[in-house]
Amino acid sequence: MGLRWRSDGYFVVVMLVIIGVIGMCINGDEDGGGVGAPMVETEQEALYSAIQGFVGNWWNGSDLYPDPCGWTPIQGVSCDVFDGFWYVTDLNIGQIYDNSLPCDQNLEFRPQFFQLEHLKTLSFSNCILSQSTVSIQTANWDSFSSTLQSLEFRSNPGLTGQIPLAFGSLKKLQSLVLIDNRLSGDLPVNIGSLTDLKRLVLSGNLFTGKIPENYGYLSELLIMDLSRNSLTGSLPLTFRGLTSLLKFDLSKNQLEGEIPSGISNLKNLTLLDLSNNKISGELDFVDQEMSSLEELILSNNPISGDLMNLKWQNVYKIMVLDLSNTGLTGVIPESISNLKNLRFLGLNDNKLSGNLSPKLAELGNLTALYVNRNNLTGHLNFPLEFYQKMGRRFGAWNNSNLCFPNDKVSANVRPFGVKLCPEQL
């Protein structure tokens, strides 16, 4: 009898524990952080309507239990607990995951979407396709002015029109990424008032006009990428104020004028890419210390100038240096061999002359050297190991007075397109 009582008592205790756990999962724990916290009905209705607007009315969430933030959440939807209830905080629409919901061809931003009052992150990736044309101009973006921190539209070829002026009201925004869409028009000036921005990526669109000067007042910005557009005008002098910037990419536009000397104020900069523009002037900003710079890419610009007087010690961390097709004249200085971190050196398609110093072989990290299509002269006097390491990544062709002396080095490592020196013929 005593044994049976102990067994029954143990069973009752276990059942009470299980019931208690289930109660916590359904109703949420005391501090409102329970996994099974309930969802406010209006929040769930707003989310369902919003998703139907994005993926189509065929979706009704019927397989979700007990709600979209419970044990079977929607892929791409994240929630958090506020005052004991689930609210949507992150919404990622499009082909992000293998089981992501596909977007509807007639995607729409329904009014209920803008009732998600705790939304912090919103992204649309590979969603708005070319057979549809969706504008985001008329959407009620002001509703997210005090909550939204990250907004992204990536690879949406059917996304057209201008950047909504209402984006300038998203005062909490820290990341604005609009990449590889078909957005057009001028860059909104009021984006420059989003002082919390840390990432501004507007690359791969059809933007035109000048870069607003007040973009230079985004002092918290870590990444600015306006590449692959049709922007014109010169680089604003205010850019000297982007002192937190790590990556700065304005490549593949139609920018002109000189590189402002104030660029050297950007002491934290690791990447500067101004390639494929119409930028002129010389490389005077290199005369100031930019000790964090690792990639300097200025190719395909009418910069001109001479490399001999540049103070390479100011950019001693450089790993990628691409000055190809920039109208450079004079000789290639031996001082470049002091850039011990250098991995890629592109000096091709210029008007450089003189000999190629064998000291470049002392760059132990160098894996690509291009000096083709210049006016270099003399013998190539690099050790055998250098040619073997570089292979076809040593480009020296189209230098009519440059030759290879195979009396010292095996002819089977002769760089492509370089003739044998006359005494070896």
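The values are calculated or read from the model by the stated rules, or taken from the named source; none is laboratory data. Worth saying up front: this structure is predicted, and the values here are computed from it rather than measured. Don't worry about glycine lacking a Cβ; one is built from the backbone with ideal geometry, like all the others, and counts go over all protein chains shown.
The set of residues from region 292-311 being of a type outside the set (A, V, I, L, M) and either closer than 23 Å to LEU250 by Cα or modelled with pLDDT of 95 or more (or both) comprises SER292, GLU294, GLU295, SER299, ASN300, ASN301, PRO302, SER304, GLY305.
Within the set GLY216, GLY204, the sole residue that is assigned to a helix (DSSP H, G or I) and either of a type outside the set (A, V, I, L, M, F, W, C) or without any contact (Cβ under 8 Å) to a residue 24 or more places away in the chain (or both) turns out to be GLY216. Every listed requirement among (1) at pLDDT 80 or above; (2) more than 17 Å from TYR97 (Cβ to Cβ); (3) surrounded by 14 or more Cβ atoms within 10 Å (Cβ to Cβ) is met by ASP67 save one, (1).
Filter region 118-136 down to the residues that are modelled with pLDDT under 85 and surrounded by fewer than 18 Cβ atoms within 10 Å (Cβ to Cβ) and list them by number. Steps first, please.
Residues of region 118-136 modelled with pLDDT under 85: 130-135.
Once the filter is applied, which keeps residues that are modelled with pLDDT under 85 and surrounded by fewer than 18 Cβ atoms within 10 Å (Cβ to Cβ), region 118-136 yields SER130, GLN131, SER132, THR133, SER135.
Considering every residue within region 251-263, establish whether at least one is in a strand (DSSP E or B), charged (D, E, K, R) and more than 24 Å from ARG373 (Cα to Cα). So far as region 251-263 goes, yes, one or more of its residues are in a strand (DSSP E or B), charged (D, E, K, R) and more than 24 Å from ARG373 (Cα to Cα). Just to be sure before I move on: is LEU148 modelled with pLDDT of 80 or more, touching a Phe, Trp or Tyr at 6+ places or on another chain (Cβ under 9 Å) and assigned to a loop (DSSP other than H, G, I, E, B) in the structure I sent? Yes; evaluated as a whole, the condition is true for this residue. Filtered by the rule that a residue be in a loop (DSSP other than H, G, I, E, B) and crowded, with 17+ Cβ neighbours inside 10 Å, region 99-117 gives SER100, LEU101, CYS103, ASP104, LEU107, PHE109, LEU116. The numbered conditions (1) touching a residue at least 40 places away in the same chain (Cβ under 8 Å); (2) of a type in the set (A, V, I, L, M); (3) within 21 Å of ILE318 (Cα to Cα) are all true for LEU345 except (1).
Quick one: PRO212 ticks every box in (1) surrounded by 15 or more Cβ atoms within 10 Å (Cβ to Cβ); (2) farther than 19 Å from THR160 by Cβ; (3) touching a Phe, Trp or Tyr at 6+ places or on another chain (Cβ under 9 Å) bar one, so which box is it? Here PRO212 clears every test but (3). When we screen SER150, SER62, SER146 for residues that are free of Cβ contacts under 8 Å to residues at least 40 places away in the same chain, under 23 Å from ASN181 (Cβ atoms) and not basic (Lys, Arg), the only hit is SER150.
Each residue in region 260-283 was checked for being in contact with a helix residue (DSSP H, G or I) (Cβ under 6 Å, 6 or more places away or on another chain), surrounded by fewer than 19 Cβ atoms within 10 Å (Cβ to Cβ) and under 18 Å from GLY305 (Cβ atoms), and 1 of them qualify. Within region 217-227, the set of residues being surrounded by fewer than 22 Cβ atoms within 10 Å (Cβ to Cβ) and over 15 Å from LEU272 (Cα atoms) comprises TYR217, SER219, GLU220.
Tell me, which residue of region 151-201 that is assigned to a loop (DSSP other than H, G, I, E, B) and of a type in the set (A, V, I, L, M, F, W, C) is farthest from ALA139 (Cα to Cα)? Outline the logic, then answer.
Going residue by residue through region 151-201, those that are assigned to a loop (DSSP other than H, G, I, E, B) are 157-158, 161-164, 170-174, 182-183, 186-188, 194-198.
After this cut, where a residue has to be of a type in the set (A, V, I, L, M, F, W, C) as well, the list is 163, 170, 173, 183, 187, 194, 197.
Numbers: ILE163: 11, LEU170: 13, LEU173: 17, LEU183: 15, LEU187: 18, LEU194: 19, LEU197: 21 Å.
Across region 151-201, the extreme among qualifying residues is LEU197.
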